[in-house]
1. Which residues, taken from the stretch B:307-334, are aliphatic (A, V, I, L, M) and either away from chain A (no Cβ under 14 Å) or not in a helix (DSSP H, G or I) (or both)?
2. Quick check on residue A:185: is it crowded, with 19+ Cβ neighbours inside 10 Å, among the β-branched types (Val, Ile, Thr), at pLDDT below 90 and in contact with a Phe, Trp or Tyr (Cβ under 9 Å, 6 or more places away or on another chain)?
3. Please work out if residue A:366 is in contact with an Asp or Glu (Cβ under 8 Å, 6 or more places away or on another chain) and open to solvent by less than 50 Å² (accessible area, probe 1.4 Å).
4. Check B:181, B:208 and return the single one that is free of Cβ contacts under 8 Å to residues at least 60 places away in the same chain, surrounded by fewer than 20 Cβ atoms within 10 Å (Cβ to Cβ) and among the aliphatic types (A, V, I, L, M).
5. List pairs: first in the stretch B:415-426 and more than 8 Å from chain A (Cβ to nearest Cβ), second of a type in the set (S, T, N, Q), Cβ under 6 Å, 6+ apart or cross-chain?
6. Among residues belonging to the stretch A:4-47 that are more than 18 Å from residue A:81 (Cα to Cα), of a type in the set (Lys, Arg) and in a helix (DSSP H, G or I), point out the one that is least open to solvent (accessible area, probe 1.4 Å).
7. Of these, A:50, A:86, A:117, which one is farther than 30 Å from residue B:372 by Cα, of a type outside the set (A, V, I, L, M), part of a helix (DSSP H, G or I) and touching a Ser or Thr at 6+ places or on another chain (Cβ under 9 Å)?
8. Can you find a residue in the stretch A:182-191 that is part of a helix (DSSP H, G or I), within 12 Å of another protein chain (Cβ to nearest Cβ) and touching a residue at least 60 places away in the same chain (Cβ under 8 Å)?
Amino acid sequence: MIIESLRPLAAVAVSLLAAVLIMICGNRVKPDVREGITLGAAVIKALLVFSMVPAVLAGNEYYCSPWEIVDGISLAFRTDAAGMVFACVASGLWIVTSIYSIGYMRGHHEKNQTGYFAAFAVCLSSAIGIAFAANLITFFIFYEMLTIATYPLVSHYRNDSAKASGRKYLAYTLISGQLFFAAIVTVYVKYGTLDFRAGGFIEAGSMGQTAMLLLFILMLGGGAVKSGLMPLHGWLPSAMVAPTPVSALLHAVAVVKAGAFCVLRIVWFVFGAESAAWCGGGRLLTWLAAATIILSSLIAMRKDNLKARLAYSTIGQLSYIILGIGILAPYSVTGAAFHIVAHAFLKITLFMCAGAIYVTTGLSEISTMGGLFKRMPVTCVCFTAASLGIAGLPLLAGFVSKMNIIRGAFMENKLFFVAVLVAAALFALSYLIPVVRIFFGKEISSPVINEGGEASPAMLVPIVITAVVSFILGVMPNAGPQLYNLAVMAAQGGGPIG
Amino acid sequence: MINHLPVLIIIVPLMGAILCPLISYYSPEWGKKTVIGALFASFVMSVMQLVNVAERGEPVHYWMGGWNPPYGIEFVIDGVNAVMIAMVAAIGAMTALFSSPFEEANPKHRFRSAGYYSILCFLAIGLLGMSSTGDAFNLYVFMEIVSLAGYGLIAIGEEKAPVAAFRYLLTGTIGACMYLMGVGFLYSATGTLNMADMAVRLQDVENMTVIIIAMACLVVGLGVKMALFPLHGWQPAAHSYAHHAADPMIAGIMIKIPAYAMFRFFFCIFDESLPMMGAVHKIVGVMAVCGILFGSLKALRYHKYNKILAYSSIGQVGYIALGFAIGNFYGIAGAVLHIVSHAFMKTGLFYTSAALKYKYHIEYTDDLGQVYRKMPVTSLTLVTLALSMVGLPPFAGFFSKWYLALGAIQNGQYFYVAVLVASSLLGAIYFFRIFEKLFMGEETEMEDRYPAAEHGGKELPLRIMIPLLMAAAMIIALGLGNSLVVDFIEKTVLEVFLA
């Protein structure tokens, strides 16, 4: 059933308004007021999004199309199950990241905080817009907004390395975005519609095989860049120069997930399994994703900088999602959709730990963190739990999603990918467990570790929350807003779980 | 009064322009106010006319002195030019308002300011006339008014301006002559100067050589006026050195209305059935593609803000011509939308350029470091308009690109889409380079000529800030409401294909 409601639009607009408010107030008001706006908007947004979950679970959809955005196509928002998964993750984690940001930015005495919080709010608006977009043009508008809003975050420090990584980020995202644009126009001319439909609206055989593969590549270029699929991942590690909450946002909440979600939308809701398989795009995705998983793990092992190691881990984990989608089996797509959730909580925990360690002790290289458990026990425990989750150990969120992807691969008889997935789990252990061992080691490698105590509560509380949520989702994937059921519905193409 | 709107829109500013020097002799302040008031009145009337055309659903015809066409001069206001007229009047009024802080700085106040406002008003009159008229020769007359006003406004600019004005004088005259010759050939073949009548009579013309020569003359003539590659030689210098306050109007709309005239000739007077029309479209397409690439690449080479904007205009005019070359509904809709949106974008960007010069005398982008702290409103406008220029949603520039790409793909012209994509990316390079300077560059010591502390905390006079913000607001409104504009012009454009 379709429910006409302005709620999806409101969920998008609330953080946009917050951004405008933050820009206007700027440095004229106290930082507390400014951050109050951020937090208030985050809470309202999350409430709006979560309030729509029950109806969506029952098989309904909220729909709203405020006006015609171009001749013949409306700006339209629709809350299907897939969109809800992403929206719940993004809006839920925005609250957590906001609290953490406040702790981090103040603890680190960052400059230009007004611009930072405003851009952050625009990013979240775009992420929700992407999640709820009902057609490709609405999707594209928010996709490009996300690109632009992330740019000031990536180049936050405004020094030469920040400028360089900002340029790199723009080069990757704008080029792929423009190609995406050309592909969208082509789709509109050829098929006369841009509305997402479960099972896709591009029929196999409606154009030449090569032509369709080309279209597939152009469409997915944007998603592949944002989700860091090799060989298009170059921007992600260099974006590490940004402040840690930005990395957390980039890696866990908005940007890379928007990329992965874009892949899900295009493959599952524009092309559909049949056409994606027919033109060979699905196979291309799976092979690229498999290669990315292996290569990124190998690179991650060699990185001594904690954030860099996590960055390569993100590239690998995002490729799990893409691999799950590329296998084109409902189970694997369920796994992929749920991995958006699982990885979000796990990776944000890891990044927030890295940030907390950096702000509290000033350490950023793994080799200097020996014996850190003594000074920051809570942070270290959360880091360990999240690491195990990333590796896909049972009882943690990563297990649920990975098992589903493997199950899908089995059912499609793609045993090679099963092997890749299992190997990747071992790889993940091999690059994260050494970090944990160093944390818990007896040897203390830096004198700072003997001073002071844990991170400030504004940073510690979010870390504990996300770590606990990752654990809960691992044991009861349907706890709270039933994200697992939503993921199943997304893969089955709507309809309540019967 | 509603019946006389088409002519009043031009007569009122004309009276203003003529009265301004007389009044200025006694009070320069009131002379200025006369012009600003006349242009605002014209703007209000143009909006009324827009509403009127929308309500009637068919074109408004106005016969000068009651002489019926094809003998008398006729103004025809349909969906497309009602939009053009409103756009010209809006930018004219905004620019007149914008000018006053710049003219106050002038020592020889009385005569200089009288001349300036009068000429600025004539520029608006010429452009309004060019957009209103339904008579090919009358269009030439208004085009000459525009050119003469343009020479004057360019010449009173910076130190190098007289040379730029002279150069424009030479090329502009050649362009106008070519246009006049084209009209002459058409007159010899059809015996009429009325556009609608000409379109009918062209069906029976047998001597096609004359028509083909006329077409070539018109492409060159209008091409010079709209600075279409390779006829753009005069434009970069003229746009860089012109009077700071008049520059937004010169750069924003002086090159757009000839583009609108090109639409009239290509689609309303000529039609597809004429031989060589396909070839003309192709030639214009080639010029457009070369212009887009040339303008964008050339803009990368400069550090002078005005030069970057000027070369970017050459590229953007190429977008408009590209729409005509595509020639189907969406191509034309994209071109018309781009005329309007680029007019506001470029006018707005030149406002920011003038504002930067007004406060800090910044000419080069290298001096922009950290200016955003000192001029937040200007910077906000600059960012909005530049993102629109690059063609990023949800700003107007994206949507005109959308329609152009849509039209091109409908015709199977994928190459044009590739050019649009490439041009967006090149645009991103030079505009993001400006952003980098603006937000991340190193601060340079500059004399603040309008200290905020002495002016109640304002970064600039309100008369500068309001037009700036209006331009940014228009770009957002045109972006989000683009389907309204397309619906409005739809009927007129579709008639082109029915004929």
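1. Once the filter is applied, which keeps residues that are aliphatic (A, V, I, L, M) and either away from chain A (no Cβ under 14 Å) or not in a helix (DSSP H, G or I) (or both), the stretch B:307-334 yields B:308, B:309, B:310, B:314, B:317, B:320, B:321, B:322, B:325.
2. The answer is no for residue A:185.
3. yes
4. On the way: B:208 fails: free of Cβ contacts under 8 Å to residues at least 60 places away in the same chain.
After applying the criteria, what remains is B:181.
5. Between residues of the stretch B:415-426 that are more than 8 Å from chain A (Cβ to nearest Cβ) and residues that are of a type in the set (S, T, N, Q), the close pairs are B:423/B:296; B:426/B:296.
6. Looking at the filtered set, the residue picked out is A:34.
7. Numbers: A:86 fails: touching a Ser or Thr at 6+ places or on another chain (Cβ under 9 Å); A:117 fails: farther than 30 Å from residue B:372 by Cα.
Step by step, each of A:50, A:86, A:117 is checked, and only A:50 is farther than 30 Å from residue B:372 by Cα, of a type outside the set (A, V, I, L, M), part of a helix (DSSP H, G or I) and touching a Ser or Thr at 6+ places or on another chain (Cβ under 9 Å).
8. Scanning the stretch A:182-191, I find at least one residue that is part of a helix (DSSP H, G or I), within 12 Å of another protein chain (Cβ to nearest Cβ) and touching a residue at least 60 places away in the same chain (Cβ under 8 Å), so the answer is yes.
The values are calculated or read from the model by the stated rules, or taken from the named source; none is laboratory data. Just so you know, these numbers come straight off a predicted model, no measurement behind them. As a convention, Cβ positions derive from the backbone with ideal geometry for all residues, glycine included, and neighbour counts pool all protein chains shown. Quick note on the areas: whole protein, heavy atoms, side chains included, nothing else; ligands and nucleic acids left out. Shrake-Rupley method; radii C 1.70, N 1.55, O 1.52, S 1.80 Å.
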